[in-house]
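The values are calculated or read from the model by the stated rules, or taken from the named source; none is laboratory data. The structure presented is a predicted model; accordingly, all values stated were derived computationally and were not measured. Using ideal geometry, Cβ is built from the backbone for each residue, glycine included, and neighbour counts are taken over all protein chains shown. Accessible surface areas use protein heavy atoms only, side chains included; no ligands, DNA or RNA. Shrake-Rupley method; radii C 1.70, N 1.55, O 1.52, S 1.80 Å.
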Amino acid sequence: MACLVWATAACQGEAEVNRAARAESTAWKEPSAYTYTLKSSGGERLLIGTFRVTVRNGKTVRAVGLDEQGRRVVKRSPGAVPTIGGLLKELEQARRDGADTAEAEYSTMGHPLRITLDWSANAVDDEAEYAISDYVAGRH
């Protein structure tokens, strides 16, 4: 019985890894227009806070700060809030640069749900975590 439980758990874990690998290997095509909510945290960076983002023609055309930190960012640097494609480019750059952590979790539809970056595990305040929610493709 114990062997059966272990084998079942091992297969489930393997299936989860395979699903994650498939999701990551599926090249999500960034639509020309969409909206999403971004919660950016970690490290000492300009882009900290929660934002509602509108993208058209591959560019952020509107970013609204949903918390005090987000409102400050939008007021000081309105162009600092990236598209999801921009976040994926940052992920790929971190991987090319050999970051200690450069991971992403993807939805079943292929877009990222979370991106976690840490350029150096031994450094303080160089981390970045992006949580993506409320993604809606289409003209808004």
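For the stretch 119-140, the candidate set comprises residues that are of a type outside the set (Gly, Ala, Ser) and at pLDDT 95 or above; within that set, the residue that is farthest from residue 36 (Cα to Cα) is 129.
Taking the numbered list (1) touching a residue at least 12 places away in the same chain (Cβ under 8 Å); (2) within 15 Å of residue 46 (Cα to Cα); (3) loosely packed, with under 15 Cβ neighbours inside 10 Å in turn, residue 75 passes all entries but (1). The set of residues from the stretch 7-32 being hydroxyl-bearing (Ser, Thr, Tyr) and either on the phi > 0 side of the Ramachandran plot or at pLDDT 90 or above (or both) comprises just one member, 32. The residue of the stretch 120-134 that is nearest to residue 101 (Cα to Cα), among those that are in contact with a strand residue (DSSP E or B) (Cβ under 8 Å, 6 or more places away or on another chain) and surrounded by fewer than 18 Cβ atoms within 10 Å (Cβ to Cβ), is 121.
I need the full set of residues from the stretch 33-51 which are open to solvent by 70 Å² or more (accessible area, probe 1.4 Å) and either at pLDDT 95 or above or more than 27 Å from residue 126 (Cβ to Cβ) (or both), in order please.
Listed by number, the list holds a single entry, 39.
Residue pairs whose Cβ atoms lie under 6 Å apart, sitting 6 or more positions apart in sequence or on different chains, and linking a residue in the stretch 85-105 that is at positive phi and free of Cβ contacts under 8 Å to residues at least 12 places away in the same chain to a partner that is hydrophobic (A, V, I, L, M, F, W, C) and assigned to a helix (DSSP H, G or I), do not occur here.
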